[in-house]
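Step one of this worksheet: look at the structure below.
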Amino acid sequence: MDRLADNTNVPAAWFLVGATAVGKTAVAQHLAERTGAAILSADAMLVYRGMDIGTAKPAAAERGQVRYFGLDMADPDEPFSAGVWLHRVRAEWMASRDLPCLPAGSPAGSGLLVAGGTGLYVRALTQGLDVPAADPARRSYWQERLAREGLPALWHELIARVPQAGNLLADPENPRRVIRALEHFDSHGALPAGWRTVPRPRLVGLHLPRVSLHARILARVERMFGDGLIEEVQSLRARFPAWGRQSHTSGSVRTVAQPAAPGKSGVGADDIVSGDGRPAQAGSCEGLACTACQAIGYAEVCDLLDNRISREQAIAQIAARTRQLAKRQETWFRHQAEVTWIEITPEEPVADMAARVLAAWSEHGPTPIRLS
RNA sequence: GGCGAGGUAGCUCAGUUGGUAGAGCAGCGGACUGAAAAUCCGCGUGUCGUGGGUUCAAUUCCCACCCUUGCCA
């Protein structure tokens, strides 16, 4: 292959990670415009066409200045996954002969700049994914059995096949992981041993104090409504009628305005909760790829459009879910990667942040990526 | 102004037949290899409105006051 860092013979890229709403996009854009680098978005929601406002996708003006990868790769009703993302991104990259190679030593030259907050996508890019996908039919088979028989039954099935699954699986109480392991076994006859022993890539990240980040998140949510988030969801629903036919906001989180506390002897409390009309099986979207319609902002606006919640509730819930996402992202990068954090403040000019990011990149060098 | 209801965790509320309290949400921490903006796990000390009184002991009973709210004026 010919996408090589000049001296090292290893493909690599400059990574900028961090929680949602810290300002990765602005800094990446700033740097790309000045270096001629292309930007690869490592974000699981920016891949969907038509979902622009709610995902804070870089605007057309910005995209005209810089070559972007990883945006608008699929329609919201297409099944998508980290694996699809990785294959497509690799293919696009290999096909782009005109893209500049990474400069040796100096990040002030051009190259590939990866910006995003989806840890799994970053990992896929730096480590690759182990084996081809499993058969989707197997997934639905196990999903049905989970619904019918419960998690312990699936766990027994898994242990029967892979006695040491307890050590291979990080989180046996997580139905998705158990199902994933089962479908993986069905397709490949074994579980990959490397699931829990991944090297941590060295990255550069932006970090804001929690309070500042929360303030930014709320401001951004309100701006999204001003920018036409509701209209965007309406047009998506016009294109995909199954979208938002029922509440997508699942029960675990999200009900900011709780009707009444279900006390031990709380007569009527349960009635109020269930009467509120949210059966809320997360992501039951009748044929639609659920990922997109579960997306933060989109699920809540559907509830708003169907009069299940008020505008104020929608804003509060979107902000809360975004905060929770941001925390999970921080946790991921804190522990799953070796990140050099650039501590920023809300007032700091983008150019200053960019300069500090550049300095960190210079110091540590680019992060190797796997193109095959 | 009169009568009623209420003031308990950041929010919405339980509860204590007197022995200083607990749920949901929020928040915090953690996990994470093809659904990842997903999914899953863990974490509950707060002047129980204020000041008095009764009591071995009051957040719980009594009195006063303050605040909120509903109805009547």
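Observations
- Extended-chain gain in nm, criterion 0.36 nm per residue less alpha-carbon gap, A:Asp135 and A:Ala95: 11.6 nm
- Applying 1/(1 + (r/R0)^6) with R0 = 22 Å to the Cβ-Cβ distance of A:Glu338 and A:Ala82 gives a FRET efficiency near 0.60.
- Here's how it looks for A:Gly205: its modeled amide H is under 5 Å from those of A:Val17, A:Thr340, A:Trp341, A:Ile342, which are all 5 or more places away or on a different chain.
- Per residue, the solvent-accessible area of the stretch A:172-216 (1.4 Å probe, heavy atoms of protein chains only, all protein chains present) comes to 54 Å².
- Calculated accessible area for the stretch A:281-372 comes out at 46 Å² per residue, all protein chains present (probe 1.4 Å; ligands, DNA, RNA ignored).
- Taking 0.36 nm per residue of separation and subtracting the Cα-Cα distance, full extension of the segment from A:Asn167 to A:Gln324 would add 53.7 nm.
The values are calculated or read from the model by the stated rules, or taken from the named source; none is laboratory data. In this text, all values refer to a predicted model and were calculated from it rather than measured experimentally. Note that each Cβ is placed from the backbone with ideal geometry, even for glycine, and that neighbours are counted across all protein chains shown. Accessible surface areas use protein heavy atoms only, side chains included; no ligands, DNA or RNA. Shrake-Rupley method; radii C 1.70, N 1.55, O 1.52, S 1.80 Å.
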